[in-house]
1. Each label point is 7 Å from the Cα along the Cα-to-Cβ direction; what then is the distance between the points at Arg212 and Ala99, in nm?
2. Just need log10 I(q)/I(0) for the stretch 303-365 at q = 0.19, 0.22, 0.26, 0.27 Å⁻¹, Debye formula, equal scatterers on the alpha-carbon atoms, no solvent, rounded to two decimals.
3. Tell me the label-point distance for the pair Asp205, Ala404, using the 7 Å Cα-to-Cβ offset, in nm and rounded to one decimal.
4. Which Rg and Dmax, in Å, describe the Cα atoms of the stretch 4-101?
5. Rounded to the nearest 0.05, what FRET efficiency do Ala368 and Cys341 have when you use their Cβ-Cβ distance and R0 = 22 Å?
6. Report, largest value first, the span of the C-alpha coordinates of the stretch 145-219 along each principal axis, in whole Å.
7. How far apart, in nm, are the 7 Å Cα→Cβ label points at Arg454 and Val305?
8. Assuming 0.36 nm per residue, please report the length gained on full extension of the stretch Ser427 to Ile133 beyond their Cα-Cα distance.
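Laboratory data are not the source of any read-out in this text; all were calculated from the coordinates shown. Keep in mind that what you see is a predicted model, and the values were worked out from it rather than measured. Cβ atoms come from the backbone with ideal geometry, glycine included; neighbour counts cover every protein chain shown.
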Amino acid sequence: MIDKALEAEILRLHHAEKWPVGTIAAQLHVHHTTVQRVLGQAGLSPELVSPRSSMVDPYLDFVVTTLEKYPRLRASRLYHMARERGYPGGPDHFRRIVARLRPKPKQEAYLRLTTLIGEQAQADWGAFGKLQIGGAFRPLWAFVMVLSWSRQIFLRFYLSLAMPSFVRGHVDAFAFFQGVPRVVLYDNLKSAVLERVAHVIHFNDRLLELSRHYHFEPRPVAVARGNEKGRVERAIRFIRDSFFAARVFKDLIDLNQQALQWMTGLAADRQFPQDRALTVRDAFAQEQPKLLPLPDEPFPADEVVSVEIGKTPYARFDLNDYSVPHTYVRRSLTVAASLDCVRVLDGNAVIAAHPRCWDRGKQIEDPAHIEPLIEYKSRARKHRGMDRLNSAAPSAAPLLSMAAERGGNIGSITSRLLMLLDQVGPSELQAALAQAVEQDLPTVGAVRQILDRRLTERGLPPPVSILVSPKAARVTVKNHPLNTYDSLKRTDDEKKD
């Protein structure tokens, strides 16, 4: 780029002094192509500003004719076509020639669009980078809606571009405006338009449900006609420069609180374009009564998905696990998630509610869900032990009943009797338990003494009071003949000799 003073001097020397391009370039110390570009922008044809004959001159007609037929043809392809026809020059000079000769598109004039008060709003998304939450990087999106007449801005940041966030943006915007415009303009984004063929538009079903609830007309702009929603485009640029630039915030909640202060403060105090004596705040005060009234209930904007609960009592949602009561394992449930809460439903009944986690790979638990599962598992283990004990030694049931009446710890008694069962076998334990019940001695110590006495009467050693795992108890130890040790001792004596 050259400054305006140099452009003016080039044009003066060409028109007033009649200097050729080469002389102008030499005296002003610029390249001759710079002089050609300035004169070309002034409306002079390349033939008038060419300083001398060029190797490309024989190919100019071919280039012009081809560009008239294919105005968007790339210069690199046109260069290869010229090379096939004998052009000896390099690509850089040829590319500059093509840029000068390429037909310029006709500039379209646009009418200034005006809207009636309370008639229209424009909505769109703006990308604002990413936000780190724990170990996750979430995309940060701004939903922006602007009332076309008053220029009042609604701004709210979300961590998703999905349809639930799009719906939530409308619900929050209408609540902020305390009314609904009759028409909302959109770009052709998928949240609004699923398919478009000429004038036939297939709207997103969720958007149609939203429009029926609030009684507004969703209207997409024409394809490649961003000027039709220029108010929201300028608002997003205004948000980037006036609000988000160098903004410091702790989290998404803090960012949205600052956005609310900004749009009710600085953004509302800017001048109203149609009347500089008014502010946007003043214009919005005039427009708000003209908006459609809000319905009695807001549109349900929660994100709703079906989830399958596996063998562990957790519902997987948005790459996090949320606990549910253990009685709902192996069931199909529904998750309804807002920006700050995740609810798990069985039909219409809420069975779990958690604060929403925007991190990833986390396990969010409610102690009221986990503690009953731990207790249930503990009781299950105790019942399994009692079932095994009663099956092996039927007299265990009356002994445990007597111990319970006297305040004994049934779990501890059961586990210790199971150890004795593994040590002496079912028949010996049954006989000892029956004798203990007969003698009204419902303690493990009494059972052990009875076992010791019975074994001693038969000349057998008492049971070893060491806990042996069932797997180790089944191991068979092979006895080796002792004479092998004698042979080993003789071998050691021979080595010493």
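1. For the pair Arg212/Ala99, the computed spacing is 5.6 nm.
2. -0.59, -0.81, -1.16, -1.25
3. A separation of 5.6 nm, rounded to one decimal place.
4. 14.6, 42
5. Efficiency, rounded to the nearest 0.05: 0.85.
6. 34, 29, 21
7. So the two model labels end up 6.1 nm from each other.
8. Details: separation 294, 0.36 × 294 = 105.84 nm, distance 6.35 nm.
Full-extension gain reported as 99.5 nm.
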